[in-house]
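Remarks on the structure that follows.
The values are calculated or read from the model by the stated rules, or taken from the named source; none is laboratory data. Because the structure is a prediction, the values reported are computed rather than measured. Neighbour counts are summed over all protein chains in view; Cβ atoms, including those assigned to glycine, are modelled from backbone coordinates with ideal geometry.
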Amino acid sequence: MEAVCCRELRFAYPGGPEILRGLSFSLAEGETMAIAGLSGCGKTTLAQILSGLIPSAIPGQLSGEVLLFGRPLAGRNPAELIDEAALVFQDSDEQLLNTTVGDELAFGPENLGLPPARIRETVAAAARRYHLQDLLDQDPACLSGGQKKLVAIAATAVLSPRLLILDEPLSGLDARGRCLVTRLVAELREQGRTVLLIEHDLRSSLARLAQRWLLLADGRAAACGKPEELIHSGILARLELTDDDRD
C-alpha cells in the first residue's frame, strides 16, 4: 500500500504566490524518504499538509489530491490523524504545550485514552530511550534548544503513528542528540515503519538512511530516486544542493 500519494498538489498562503505548484509523488508504506530542496521550495508546507495542519489550522488555497494510506486527506484535521500521521515541528517551541516534560510525554497517550498504568510505562520507556529521565519534572520552556527537540520527538514517537514526519530533526542537537535521532530512524526503518524526513544536509547519516530522496525545486518534484543514483546523476549540483550551498 502507498502511505502517501500526492497528485498535482498546489498550495498558496493567503495573498501570496503558490508554494507548491503541481507536486506529485508517492511514498510506500514501510519506506523511509528524505525530502530536500532550497529554502522556500515547499518542504515544511508539504509536511504541514500531510499532518493535517494545512488547511485546518493554517489557512491557504489548497488543491490537488492527497491520499493517506488509501484514504483522502481532505477535510481531516490533526486530531483525526493522530494514529496515522504525526509531525515533529522544526521549531520545538511551537509544539511543546505542557508545563513539565513528563506531562508532555503523557499528553498523546492520554488523548488516545490509554490506561494510566500503560501511560506511566510509556513515559518511562520514552524517558529512558531519549535520556530524559532527569528532565521529567522540568518545564520544557526552560530547556536548551536541543533538549526541546528531543522532547518533541519523544512525545510524537510514543504515539506510534503509521507515518512519522520529522522536519529537520537534527537542527539544534549536539552530537549525542544527533546520534539518538539517527539511531531512532534506523530502528524505525528496520521495523518497517514509514518515515518522512525533511533534511537539509544530504551528507548526514540521517539522510543516508533514506531509501529514496525527493528533491524539490520551485514547488515541484525535480527528481526522486535512490540516493546513490541522484548523487551520481549530477542533479544535486544543478539544484544547488551541493556541499557548500544547501537549504
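The table below gives the values:
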{"item": "Conditions (1) under 20 Å from Ser51 (Cβ atoms); (2) in contact with a helix residue (DSSP H, G or I) (Cβ under 6 Å, 6 or more places away or on another chain); (3) of a type in the set (S, T, N, Q): number failed by Ser171", "result": "(2)"}
{"item": "Flag for Arg183 being within 25 Å of Pro78 (Cβ to Cβ) and of a type outside the set (Val, Ile, Thr)", "result": "no"}
{"item": "Subset tally (residues that are in contact (Cβ under 8 Å) with a residue 12 or more places away in the chain and not in a strand (DSSP E or B)) for region 218-230", "result": "5"}
{"item": "Single match in Arg76, Arg21 (criterion: of a type outside the set (Asp, Glu) and in contact with a strand residue (DSSP E or B) (Cβ under 7 Å, 6 or more places away or on another chain))", "result": "Arg21"}
{"item": "Exclusive hit being exposed (fewer than 13 other Cβ atoms within 10 Å of the Cβ) and modelled with pLDDT of 95 or more, set Gly70, Gly60, Gly64, Gly75", "result": "Gly70"}
{"item": "Counted residues, region 187-206 - those being within 15 Å of Leu163 (Cα to Cα) and either part of a helix (DSSP H, G or I) or under 17 Å from the mean Cα position of the chain (by Cα) (or both)", "result": "11"}
{"item": "Among (1) loosely packed, with under 15 Cβ neighbours inside 10 Å; (2) of a type in the set (D, E, K, R); (3) within 15 Å of Ala157 (Cα to Cα), the one test that Glu104 misses", "result": "(1)"}
{"item": "Residues of region 3-57 classified as outside any loop (DSSP other than H, G, I, E, B) and either crowded, with 24+ Cβ neighbours inside 10 Å or in contact (Cβ under 8 Å) with a residue 12 or more places away in the chain (or both), total", "result": "37"}
{"item": "Subset tally (residues that are crowded, with 19+ Cβ neighbours inside 10 Å, within 22 Å of the chain's Cα centre (by Cα) and either farther than 19 Å from Val181 by Cβ or modelled with pLDDT of 95 or more (or both)) for region 107-121", "result": "1"}
{"item": "Checklist (1) surrounded by fewer than 22 Cβ atoms within 10 Å (Cβ to Cβ); (2) at pLDDT below 95; (3) not in a loop (DSSP other than H, G, I, E, B) applied to Ala126, failing item", "result": "(1)"}
{"item": "Extreme residue, surrounded by the fewest Cβ atoms within 10 Å (Cβ to Cβ), among residues of region 207-217 that are outside any strand (DSSP E or B) and in contact (Cβ under 8 Å) with a residue 60 or more places away in the chain", "result": "Gln211"}
{"item": "Count of region 172-186 residues which are in a loop (DSSP other than H, G, I, E, B) and buried (at least 17 other Cβ atoms within 10 Å of the Cβ)", "result": "2"}
{"item": "Residue among Asp134, Asp83, Asp93 that alone is of a type in the set (D, E, K, R) and part of a loop (DSSP other than H, G, I, E, B)", "result": "Asp83"}
